[in-house]
Amino acid sequence: MRTEAPLLAPIFRSDGQARLLSALLLSADEISLTELALRAGVAYPSAHREVGRLLDAGIVVERLVGRTRLLRANADSPLVPPLREILLIATGPVALLSAEFAGIEGIESAFLYGSFAARMQGVEGAAPNDIDVMVIGAPDPDLVYQACDRVEDVVRRPVNPTILSRSEAGADSGFLAQVRDGAVVPIVGELPWA
C-alpha cells in the first residue's frame, strides 16, 4: 500500500489505509476481505496485509464462515471510538450523505465538489473549511437541508447543498463549468455529465 498519506487526514499511513479503516469502522456490517478490498479500492494483497495489522492491534475482529473471513470493528477496543470520530470527520461525509439521501425521493444524483472533494481526490491545497454537495433532481429541499444539517453535526464542518434540476445542471455557466472540470466525489447515482 504505497500511496501518499491522505490530505484530509495525514495521520494515516496511506490513503488506502484510511479507506480500509473507513470501510470497516464506519459500518456496522461484517465484511469479507474480498468485499473490503473492493469497497476501499485497494488490491487484495494490500487489504490482506493491512487487515493483519488491524487484527494484531485489536482494532478489527474476524469470524470464519467456511473459508471466508468476515471482518468488523472490535467493539471492545478503546481505539475504535476515537478512530471512528477521526474517520467520520475526514472521510465520513460520503457515507453519511449517501445514507441520508437514500431516504429522500427525487434525488437523481448527488456528489461532493469543491475543496473537500479535491482533497479527497489527492489535489493539494489548504484544508477545507466546509463541504459542498450538489444534488440533482427534484427532491423536497427541506429534506435535503435537514439531511445536510444532520451530517454537519457529525463531521463538524458546514455542509452546503446546491440543488439543481437536471436541466439546470446541464446549463452553460461558469460555475457549472468549474464544477465539471474540478474534482468530484460521487455520493448517489451517476454524474449528470457522465
For the chain, build the charge dipole from Cβ charges (+1 Lys, Arg; -1 Asp, Glu) around the Cα centre, then report which of N160, P45, P81 sits farthest towards its positive end.
P45
Shape call for the stretch 78-156 from the C-alpha gyration tensor, a ≥ b ≥ c root eigenvalues: rounded (a/c under 1.5), prolate (a/b greater than b/c) or oblate?
oblate
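Longest exposed-loop-site-free stretch of the chain, with GluC sites (Glu not before Pro), DSSP loop and at most 12 other Cβ within 10 Å?
Numbers: sites that count: E4, E105, E124, E190.
Longest gap between qualifying sites, sites excluded: 5-104.
Before I look further, what does the chain give for accessible area per residue, probe 1.4 Å, in whole square angstrom?
Details: 10140 Å² over 194 residues.
Spelled out: the 1.4 Å probe surface of the chain, per residue, equals 52 Å².
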Please list the non-local residues whose amide H lies under 5 Å from the amide H of I163, H modeled 1.01 Å from N, same-chain partners needing a gap of 5 or more.
V135
For the stretch 17-117, list log₁₀ I(q)/I(0) at each q in 0.16 Å⁻¹, using the Debye formula over Cα point scatterers of equal strength and ignoring solvent, two decimals each.
-0.73
Taking the alpha-carbon centre of each part, the distance from the stretch 39-111 to the stretch 117-154 in Å is 20 Å
Calculate the dipole size of the stretch 63-108 relative to its Cα centre from +1 charges on Lys and Arg beta carbons and -1 charges on Asp and Glu beta carbons; express the result in debye to the nearest 20.
520 debye
Unit charges on C-beta of K, R, D, E only; dipole of the chain, Debye
940 debye
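Answer rounded, prolate or oblate for the stretch 55-113, using the Cα gyration tensor with square roots of eigenvalues a ≥ b ≥ c: rounded when a/c is under 1.5, else prolate when a/b is larger than b/c, else oblate.
Numbers: a/c = 3.38, a/b = 1.72, b/c = 1.96.
Here the stretch 55-113 falls in the oblate category.
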Separation in nanometres of the label points that stand 7 Å from Cα toward Cβ, at A75 and S32:
2.4 nm
3J(HN,Hα) from dihedral phi, the stretch 111-126, Karplus parametrisation 6.51/-1.76/1.60, rounded to Hz, x for glycine, proline
7, 7, 9, x, 5, 5, 4, 4, 5, 5, 8, x, 7, 5, x, 5
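The values are calculated or read from the model by the stated rules, or taken from the named source; none is laboratory data. Everything quoted here is computed from the prediction, not taken from an experiment. Ideal geometry is used to build each Cβ from the backbone, glycine not excepted, and the neighbour counts take in all protein chains shown. The accessibility values were calculated without ligands, DNA or RNA, using every heavy atom of the protein model including side chains. Shrake-Rupley method; radii C 1.70, N 1.55, O 1.52, S 1.80 Å.
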